[in-house]
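Just dropping this structure here.
The values are calculated or read from the model by the stated rules, or taken from the named source; none is laboratory data. Bear in mind that the values here come from a model prediction, so they are computed numbers and not experimental data. Cβ coordinates were reconstructed from backbone atoms using ideal geometry, including for glycine residues, and neighbour counts include every protein chain displayed. The protein model used for the area step is the full one, side chains on, heavy atoms only, and it has no ligands, DNA or RNA in it. Shrake-Rupley method; radii C 1.70, N 1.55, O 1.52, S 1.80 Å.
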Amino acid sequence: MKRSKVRLDKLLSSLGYCTRKEVAILLREGIITHTLDLYLKSDTKVSHDEILCEGEPLDPPAGMVILMHKPIGYVCSHDDGEGRLVYDLLPERWRLRDPKISTVGRLDKDTSGLLLLTDDGALLHRLTSPKHKVPKVYEATLDRPLSGNEAEIFASGTLMLNGEKTPCLPAKLEVIDPTHVKLEIVEGRYHQVRRMFAAVGNHVTALHRSTFETLELGDLKVGEYRLIDKDSF
Ligand code: URA
């Protein structure tokens, strides 16, 4: 894609490499260079693909989508006070990017699985808006065996969660065995899967998200991530 040119200091600070002022130092030290060895100053107008950092292409430009295999014990928050953050699994400088990278919705600290992150506000809105009804599949382990009517209750569109004013939209339950299920939901209410099972007298002891829309984890290991194309879903 042909990208417009921006000042070098603006480009590098937006990607989290340094502050605008520090660009001069990186140029002086030969850390930042031009692919054709052209002379660069902080205010030179450049395009993203013309610039190298220590001889390597720059991190991807704005418009990133990251597919992560979230481990248990990591929090979907920007607040360092909350413990280990999913952002700790990404390169450190990505925390300084502008636009900022955020999670697409949240997974609980105790939930593992497919987590998307992006710096694209419009995409974030589309994927989290209740209007868009994005399907997500969760694999849950239950404390007690199913009683038998859960699939019907979840599919009915009448299940009320504690403290909420509207019922859950219909959800599809697939029974693997009496204490293991897959549940497809199209909403993203707070602790939704755990609360749906609590509403039918059960308790989720382990939760893992295996799909998000058409996306799957594939062979991505726990704690790893890969960049995906915005147009792939
Ligand atoms: N539902 C939950 O209860 N927890 C999650 O992390 C996601 C969906």
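Can you pull out every residue in the stretch 202-233 that is open to solvent by 70 Å² or more (accessible area, probe 1.4 Å) and among the aliphatic types (A, V, I, L, M)?
V222, L227
Another question about this same structure. Looking at E50, E56, E22, can you tell me which residue is closer than 23 Å to D119 by Cβ, in contact with a Ser or Thr (Cβ under 6 Å, 6 or more places away or on another chain) and at pLDDT 95 or above?
Of the residues listed, the single one that is closer than 23 Å to D119 by Cβ, in contact with a Ser or Thr (Cβ under 6 Å, 6 or more places away or on another chain) and at pLDDT 95 or above is E50.
Here's a follow-up. Being under 23 Å from V222 (Cβ atoms), more than 16 Å from the ligand (Cβ to nearest atom) and of a type outside the set (D, E, K, R) is true for just one of T166, T118, T141, T158. Which residue is that?
T118
Sort out which residues of the stretch 176-186 are open to solvent by less than 80 Å² (accessible area, probe 1.4 Å) and outside any loop (DSSP other than H, G, I, E, B), and write them in order of number.
D177, H180, V181, K182, L183, E184, I185
Also: Which residue pairs have Cβ atoms under 6 Å apart, sit 6 or more places apart or on different chains, and have a first residue in the stretch 87-102 that is at pLDDT 95 or above and a second that is open to solvent by less than 50 Å² (accessible area, probe 1.4 Å) and acidic (D, E)?
P99/D119; I101/D119
Name the single residue, out of those in the stretch 121-138 being in contact (Cβ under 8 Å) with a residue 40 or more places away in the chain and basic (K, R), that is nearest to the ligand (Cβ to nearest atom).
Within the stretch 121-138, the match that is nearest to the ligand (Cβ to nearest atom) is K136.
Only one of R209, R189, R195 is part of a loop (DSSP other than H, G, I, E, B), under 20 Å from R106 (Cβ atoms) and near the ligand (Cβ under 9 Å from one of its atoms); which?
Checking each option against the conditions leaves just R189.
Just to check your reading of the model, which residue among R144, R95, R126 is open to solvent by 80 Å² or more (accessible area, probe 1.4 Å) and in contact with a helix residue (DSSP H, G or I) (Cβ under 8 Å, 6 or more places away or on another chain)?
R95
Among the residues in the stretch 22-34, are any open to solvent by 30 Å² or more (accessible area, probe 1.4 Å) and hydroxyl-bearing (S, T, Y)?
Scanning the stretch 22-34 turns up at least one residue that is open to solvent by 30 Å² or more (accessible area, probe 1.4 Å) and hydroxyl-bearing (S, T, Y).
Sticking with this one: Just give me the residues in the stretch 150-172 being open to solvent by 70 Å² or more (accessible area, probe 1.4 Å) and touching a residue at least 12 places away in the same chain (Cβ under 8 Å), in sequence order.
M160, N162, P170, K172
Next up: Among I31, I51, I25, I72, which is the only one that is free of Cβ contacts under 8 Å to residues at least 12 places away in the same chain and among the aliphatic types (A, V, I, L, M)?
Testing whether each residue is free of Cβ contacts under 8 Å to residues at least 12 places away in the same chain and among the aliphatic types (A, V, I, L, M) leaves just I25.
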